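Right, one structure below, let's go through it.
The values are calculated or read from the model by the stated rules, or taken from the named source; none is laboratory data. The structure presented is a predicted model; accordingly, all values stated were derived computationally and were not measured. Here the Cβ positions follow ideal geometry from the backbone for every residue, glycine too, while neighbour counts run over all protein chains shown.
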Amino acid sequence: MQSLKLLFDYLIFPGFLFCAVAGLLATWVDRKVTARLQYRVGPPWFQPFADIAKLLGKETIVPEGVSRSVFLGAPLVGLAGVTLVGTLLWLVSLNLGQTFVGDLIVVMYLLTLPSLAIIIGGSASRNPLAAIGASREMKLILAYELPFILACATVIFRTRALQLGEIIGWQMANGPLFWSFSGFLAFAAALFVIQAKLGAVPFDIPEAEQEIAAGPIIEYSGPALAVIRLSRAMLYFILPLFLTVLFLGGFDAWFPAKYLAVLTLIILIKNTNPRLRIDHALRFFWGPVTIAAAAGFILALLGK
């Protein structure tokens with residue numbers, strides 16, 4: 001029975017299937033709001049599901065001379081990382097007793113897997129445009145990981161906890177971290193990092209369709225491309241959830257409103273900014289974003 005419960009948790013709810021459905025619906029919200037901002041109608045709610053289903057029915061073409069296992073395995077690594085993060089966050093949110101020591105650190109590490117999968121897959125494809133995109137993705141990781149770590153460290157030092165359950169419990173007792181000076185600065189820094197992890201404008205530099213076609217995923221097709229698209233869609237659900245857990249008190253009666261507020265911020269940033277050049281993105285993350293995250297960390301040490 002325990003094995004069946006674990007299988008249900010990781011494959012159905014709150015695991016892969018739940019996160020996949022929620023993520024595809026989140027991308028529909030993104031596309032619908034974007035369309036309204038551009039005075040268009042936008043797609044029906046089932047369009048993201050139809051897009052994935054269409055890709056699953058197409059042929060997967062592997063470029064000549066590449067390592068088939070690396071090329072096709074990289075998207076699966078990213079999908080596995082996203083699924084594990086979503087499952088961990090929801091298990092802890094629904095039952096604080098399911099937390100374990102250092103689970104926040106585990107989530108931070110797992111959130112690097114989708115980007116690493118894009119880098120590995122793009123590098124393995126032997127396409128010059130994919131290599132440029134993979135190089136840009138590597139530079140972005142080097143740029144945004146420092147402020148991301150500082151933002152998470154702010155939460156750790158403010159709550160004196162390394163466990164997601166304890167962080168949520170602290171906020172239940174003391175109020176969301178967002179309303180403190182340190183929490184607000186850390187949230188602002190983390191929000192821009194999340195934008196980059198999603199590959200959304202203004203940080204869609206690795207794919208940059210007008211410049212390098214689709215960048216690191218240019219050679220992907222069929223089910224392999226569907227896995228990449230599905231992983232990206234799941235991140236649209238999981239990353240706002242992560243911010244909600246760390247800064248807005250986690251899962252409660254107000255969770256839908258808090259999640260939609262974070263998602264709306266992401267969509268508004270996406271639709272009101274032009275794409276940055278990679279050097280500008282590096283300066284932005286190493287400059288104002290890191291400064292804001294560092295200021296939040298210092299304030300957390302002072303108890304502010």
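Need pairs with beta-carbon distance below 6 Å; first residue touching a residue at least 12 places away in the same chain (Cβ under 8 Å) and aliphatic (A, V, I, L, M) and within the range 102-124, second surrounded by fewer than 22 Cβ atoms within 10 Å (Cβ to Cβ) and part of a loop (DSSP other than H, G, I, E, B); sequence gap 6+ or separate chains.
Here the result reads Leu104/Leu162; Ala124/Val66; Ala124/Ser67, each pair linking the range 102-124 to a residue that is surrounded by fewer than 22 Cβ atoms within 10 Å (Cβ to Cβ) and part of a loop (DSSP other than H, G, I, E, B).
Which residue, of Leu150, Leu140, is at pLDDT 90 or above, within 21 Å of Met234 (Cβ to Cβ), in a helix (DSSP H, G or I) and in contact with a Phe, Trp or Tyr (Cβ under 7 Å, 6 or more places away or on another chain)?
On the way: Leu150 fails: within 21 Å of Met234 (Cβ to Cβ).
Among Leu150, Leu140, only Leu140 is at pLDDT 90 or above, within 21 Å of Met234 (Cβ to Cβ), in a helix (DSSP H, G or I) and in contact with a Phe, Trp or Tyr (Cβ under 7 Å, 6 or more places away or on another chain).
If the requirement is being buried (at least 24 other Cβ atoms within 10 Å of the Cβ), touching a helix residue (DSSP H, G or I) at 6+ places or on another chain (Cβ under 6 Å) and among the polar types (S, T, N, Q), which of these qualifies: Thr99, Thr87, Thr154, Thr159?
Values: Thr99 fails: buried (at least 24 other Cβ atoms within 10 Å of the Cβ); Thr87 fails: buried (at least 24 other Cβ atoms within 10 Å of the Cβ); Thr159 fails: buried (at least 24 other Cβ atoms within 10 Å of the Cβ).
That would be Thr154, the only listed residue that is buried (at least 24 other Cβ atoms within 10 Å of the Cβ), touching a helix residue (DSSP H, G or I) at 6+ places or on another chain (Cβ under 6 Å) and among the polar types (S, T, N, Q).
I'd like to know if the range 122-137 contains one or more residues that are within 16 Å of Leu243 (Cα to Cα) and either touching a Phe, Trp or Tyr at 6+ places or on another chain (Cβ under 7 Å) or buried (at least 24 other Cβ atoms within 10 Å of the Cβ) (or both). Talk me through it step by step, then tell me what you get.
Here is the first cut: in the range 122-137, the ones within 16 Å of Leu243 (Cα to Cα) are none.
No, the range 122-137 contains no residue that is within 16 Å of Leu243 (Cα to Cα) and either touching a Phe, Trp or Tyr at 6+ places or on another chain (Cβ under 7 Å) or buried (at least 24 other Cβ atoms within 10 Å of the Cβ) (or both).
For the range 55-74, name all the residues that are under 25 Å from the mean Cα position of the chain (by Cα) and either of a type in the set (Phe, Trp, Tyr) or not in a helix (DSSP H, G or I) (or both).
The answer is Phe71, and nothing else.
Out of all the residues in the range 165-180, is one or more touching a helix residue (DSSP H, G or I) at 6+ places or on another chain (Cβ under 8 Å), farther than 23 Å from Leu91 by Cα and either modelled with pLDDT of 90 or more or buried (at least 24 other Cβ atoms within 10 Å of the Cβ) (or both)?
So far as the range 165-180 goes, yes, one or more of its residues are touching a helix residue (DSSP H, G or I) at 6+ places or on another chain (Cβ under 8 Å), farther than 23 Å from Leu91 by Cα and either modelled with pLDDT of 90 or more or buried (at least 24 other Cβ atoms within 10 Å of the Cβ) (or both).
Let me spell it out: the conditions are (1) surrounded by fewer than 17 Cβ atoms within 10 Å (Cβ to Cβ); (2) in contact with a Gly (Cβ under 8 Å, 6 or more places away or on another chain); (3) at pLDDT below 85, and Phe13 meets all of them except one. Which number is the exception?
Going through (1) surrounded by fewer than 17 Cβ atoms within 10 Å (Cβ to Cβ); (2) in contact with a Gly (Cβ under 8 Å, 6 or more places away or on another chain); (3) at pLDDT below 85 one by one, Phe13 breaks only (2).
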